[in-house]
Amino acid sequence: MVAELGHFALILAFVVAIVQMIVPLVGAQKGWRNWMAVADPAATLQFGLVALAFGALTYSFVVSDFSVRLVWLNSHSDKPMLYKVTGVWGNHEGSLLLWVLILTLFGACAAWFGQGLPERLRARVLAVQSSLAVAFMAFMIFTSNPFWRESFPPLNGQDLNPLLQDPGLAFHPPFLYLGYVGLSMTFSFAVAALIEGRVDAAWGRWVRPWTLAAWMFLTVGIALGSWWAYYELGWGGFWFWDPVENASFMPWLISAALLHSAIVVEKREALKAWTILLAILAFGFSLIGTFIVRSGVLTSVHAFANDPFTGTFILVILAIFMGGALTLFAMRADRMEAKGIFGTVSRESALVLNNILLAVSAFVVFIGTIWPLVSELAFDRVLSVGPPFFEMAFTPFWVALALILPVGSILAWKRGRLDKDRRMLTALACFAVAVGALVWALQTGRTALGPVGVALGIWVIGGAGYDLIKRTGKSGLGRLFRLPRADWGKSVAHAGMGVTVIGVAALMAWETEDIRVAQIGDSYEVSGYEVTLVDVREQVRGPNFIATEADIAMAKDGRQVALLTPEKRIYPVAQMPTTEAAIANGFWRDLYVVIGDRQEAGGYAVRVYVKPFANWIWAGCIIMALGGILSLSDRRHRVAAGAPKMRAVPAE
């Protein structure tokens, strides 16, 4: 009965979404206030109904109601409770319901916190947002119903994919969807502004908080996914340029460009057309990511579905919304004339260059991701595009971005001069180069990637710190903690990027890997550490798996620094093995060990990695997200803060 209640709530939400899509839009066009007023309660009701449907599906998973087909396919009675709950979105239908829940949540937030927006604009934004909900609810109700019943309920389920039974994957999809779907608000604001035919500084101020929130959630979601891949898959890497990894990275790059471009619209009323285009493309890349995950056209360990019909439906949604928005953009382009002018050396120019680098790097990732599909369809050639291509093609743009970031952040608007800052920037550059040279001397004969990355990271971090100090002016450091939170947020986010650059460069340059067959009791040396395979236990039973466990001791200078217990698991229900790496985390390095299968000649395959600065990668992402939170908490960045009061529109 609970599943039927959820299904009925979803259908009601679909009806409400249709009403919200049409009535406020007509009201805004005609100037009918009572019609526009429908948008706010409809958005709240729509979210409440979808939340009820999501709660019903979650309840079915928690109580192991195997008469619901989705529960039978993705759960098991012996599964820990955490993974029963996460099983709700560990599949195509349930994750689609989570997508719609977040989509309607953002629409409701626009209704709750957007009271300072002009009445017509708010009505149009909520109508466009609801049109997205209509499309995805139709997709779910007619092709991917999560509440489908089994005629003869089985006694137990088929279990969730063992790779998804992990705390990192429990939180990774919700954060990622908050970022993906959060960009729908930037799309709705862009289309609403195009319908009105007006983009001004106020619009730039209104769209920034939504962009910032989406970018922040994407940052956390991508970091969690990278962290999961690092410790769960057992291959020792943190990023493989997998198609689904790229599908989340492209919207992150475009949303970062949009965030910086919206600043120019707000401060100088320039780059209007470019900012609108970025707002459309950011959500467009989110839809492309949805297509990649759910169509099966590209192979990935993250893929949810392999159904051509599902992929066709998503392509239709993509074509309708992107095609319609870009057509409207072309029709209204003449109304987005830039008012502000600026010199070649100015903050505006730096932000334009920032946008170009971010957009081109996203385009490079996009080409590398879809090229195998294009090659197979157009040239009948099967090929793969791997990490070497992406690292060679993407890295130069990221290096250039890191170089200009500190300079651009301290330039003045309209016309900038570096005379006063040249001495400090030169000193900072010399310090960064000196540290890089020191690192090079310490690792003479090895790749230059490490020293260059460390120098770039210090340059970015130092530039962020100098930007904060410069903003105190002649007031001294006492004013430092009285600066607006947005200024702190910008500098913290930039510093986080510098930390991540150092972590990525150091790990890729100085990682040590050792793979061998070891007998119990064997000891050997890896990068200054003595590794000993102390013991191996087989047939160790877990809640819903059977494991082979090993005890591996790591010692340095005769002193044990870690006793690690990696596992090789088999999930009997799913008949699938997983590798559980054991990691001794540290500030300067990680010790990472993996136990493999028992060999015919005796002994076990053992992999040992020494990974310098590994945790700096995710620490930098956390710092970037904290910078986003600081900026979002600034009063000036709240939705419609300082919005001009609009005259009332008479009702007819």
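FYI, it's all coordinate maths here, none of it is from the lab. Note that the structure is predicted; figures quoted are calculated from it, not measured. Virtual Cβ from ideal backbone geometry, glycine too; neighbours counted across all protein chains shown.
With the gyration tensor restricted to C-alpha atoms of the stretch 81-146, the semi-axes of the equivalent ellipsoid amount to 29, 15, 5 Å, longest first. For the pair residue 235 and residue 541, label points projected 7 Å from Cα toward Cβ lie 3.4 nm apart. Estimated from helical segments only, the mean residue ellipticity of the chain at 222 nm is -21500 deg cm²/dmol, where each DSSP H run of four or more residues counts as -39500 (n - 2.57).
The label-point distance for residue 155 and residue 534, in a model that sets each label 7 Å from Cα toward Cβ, rounds to 4.2 nm.
Pull out a ≥ b ≥ c, the square roots of the eigenvalues of the alpha-carbon gyration tensor of the stretch 512-614, then state rounded if a/c is under 1.5, prolate if not and a/b is larger than b/c, and oblate in the remaining case. Prolate.
Each principal axis of the stretch 1-165 carries a Cα extent, and these read 58, 28, 21 Å when sorted largest first. Sparse packing (at most 12 other Cβ atoms within 10 Å of the Cβ) combined with a DSSP loop state is found for the following chymotrypsin sites (Phe, Trp or Tyr not before Pro) in the stretch 540-598: 587, 588. Estimate the FRET efficiency between residue 51 and residue 30 by the formula 1/(1 + (r/R0)^6), using the beta-carbon distance for r and 30 Å for R0, to the nearest 0.05. Plugging the Cβ-Cβ distance into 1/(1 + (r/R0)^6) gives 0.40.
Counting 0.36 nm for each residue step from residue 82 to residue 427 and taking away their Cα separation leaves a gain of 119.0 nm. Only the Cβ atoms of Lys and Arg (+1) and of Asp and Glu (-1) were treated as charged; on that basis the dipole of the chain about its Cα centre amounts to roughly 3480 debye. For 172, 7, the sequence from fewest to most other C-beta atoms within 10 Å is 7, 172. Placing dummy labels 7 Å off each Cα toward the beta-carbon, the span from residue 472 to residue 373 is 5.2 nm. For the pair residue 555 and residue 115 in one chain, pulling the backbone fully straight at 0.36 nm per residue adds 152.2 nm over the alpha carbon distance. Add +1 for every Lys or Arg and -1 for every Asp or Glu among the other residues with Cβ under 14 Å from the Cβ of residue 240, and state the total. Once positives and negatives cancel, what remains is -4. Computed on the stretch 512-614, with alpha-carbon pairs under 8 angstrom and 6+ residues apart, the relative contact order is 25 percent. When the Cα convex hull of the stretch 113-183 is projected onto planes of every orientation, the mean area is 8.0 nm². Of interest is the spacing of the C-alpha centroids, which for the stretch 180-196 and the stretch 557-591 amounts to 45 Å. For the stretch 154-194, the alpha carbon convex hull comes to 100 Å³ per residue, rounded to a whole number. Full extension of the chain between residue 143 and residue 479 gives 115.1 nm of extra length, using 0.36 nm per residue less the Cα-Cα distance.
Computed over the chain, the Cα gyration tensor eigenvalues convert (square root of 5λ each) into semi-axes of 42, 37, 20 Å, ordered from largest to smallest.
Normalising the average separation of contacting C-alpha pairs (under 8 angstrom, six or more residues apart) by the number of residues puts the relative contact order of the chain at 13 percent. For 604, 59, 609, the sequence from fewest to most other C-beta atoms within 10 Å is 59, 604, 609. Taking every alpha-carbon pair under 8 Å whose residues sit at least 6 apart, the stretch 1-165 reaches a relative contact order of 36 percent.
Counting beta carbons within 10 Å around each of 631, 255 and listing the fewest first gives the order 631, 255. Sequence neighbours fewer than 8 away in the same chain don't count; with that in mind, list the aspartates and glutamates whose C-alpha is under 19 Å from residue 556. Once the sequence-local aspartates and glutamates are set aside, what remains near residue 556 is 511, 513, 514, 522, 525, 530, 590.
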